[in-house]
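The values are calculated or read from the model by the stated rules, or taken from the named source; none is laboratory data. Nothing here was measured: the structure is a model prediction, and the numbers come from that model. Heads up, the Cβs are rebuilt from the backbone with ideal geometry, glycines too, and the neighbour counts pull from every protein chain shown.
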Amino acid sequence: MTISTFAATPLPEPIAGLDEYVPGRCNIGKAEIASRRRSGYVGTAATIGLLVALVAIGAPPLARLIIALPAAIAASGFIQARLRFCAGFGALGVYNFDARGETVQIAEAEARRRDRAKALQISLASGLIGLAVGIVAVLLPI
């Protein structure tokens, strides 16, 4: 699968009420979901704050592209919370439905493969959203 094909693949809907590990679909519980949602809000606040600061100091429009970074972090947090899937855990081959900080190693190779694919999909989607926000910021007539 090419990157463009992979990036164009729509993110699946989350599984309602899921509270157990499903390879490539769900690897975090309520505490981890709440943490990802918080990172989305923090990333959003950082994006807005950075844009306001750049405009206030009169930074050149191209400098506004830097807001792509916090925007990608915000997107990643919200996507992971919605999908109930942590990209970092997927890349590491672990999951967690208990207290934050506790993880379980995934033994099955096929499950780890599915998780890595989902992690890559979330990372690409987050990066593209961040880039789009950065481009919009550059093009703003302010």
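Quick look at the numbers
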| quantity | calculated |
| --- | --- |
| Filter pass, F85 being aromatic (F, W, Y) and part of a loop (DSSP other than H, G, I, E, B) | yes |
| Residue in the stretch 30-43 that is modelled with pLDDT of 95 or more and within 22 Å of L139 (Cβ to Cβ) present | yes |
| Qualifying residue in the stretch 89-99 (condition: under 24 Å from R25 (Cβ atoms), part of a helix (DSSP H, G or I) and free of Cβ contacts under 8 Å to residues at least 60 places away in the same chain) | yes |
| Unique residue being crowded, with 22+ Cβ neighbours inside 10 Å, at pLDDT 95 or above and in contact with a helix residue (DSSP H, G or I) (Cβ under 9 Å, 6 or more places away or on another chain) when the list is A117, A71, A63, A91 | A71 |
| Counted residues, the stretch 100-127 - those being touching a residue at least 12 places away in the same chain (Cβ under 8 Å), of a type outside the set (K, R) and either over 30 Å from I66 (Cα atoms) or in contact with a His (Cβ under 9 Å, 6 or more places away or on another chain) (or both) | 7 |
| Every pair of residues 6+ apart whose Cβ atoms lie under 8 Å, when the first sits in the stretch 42-70 and is more than 19 Å from A125 (Cβ to Cβ) while the second is among the basic types (K, R) | L51/R64; L54/R64; V55/R64 |
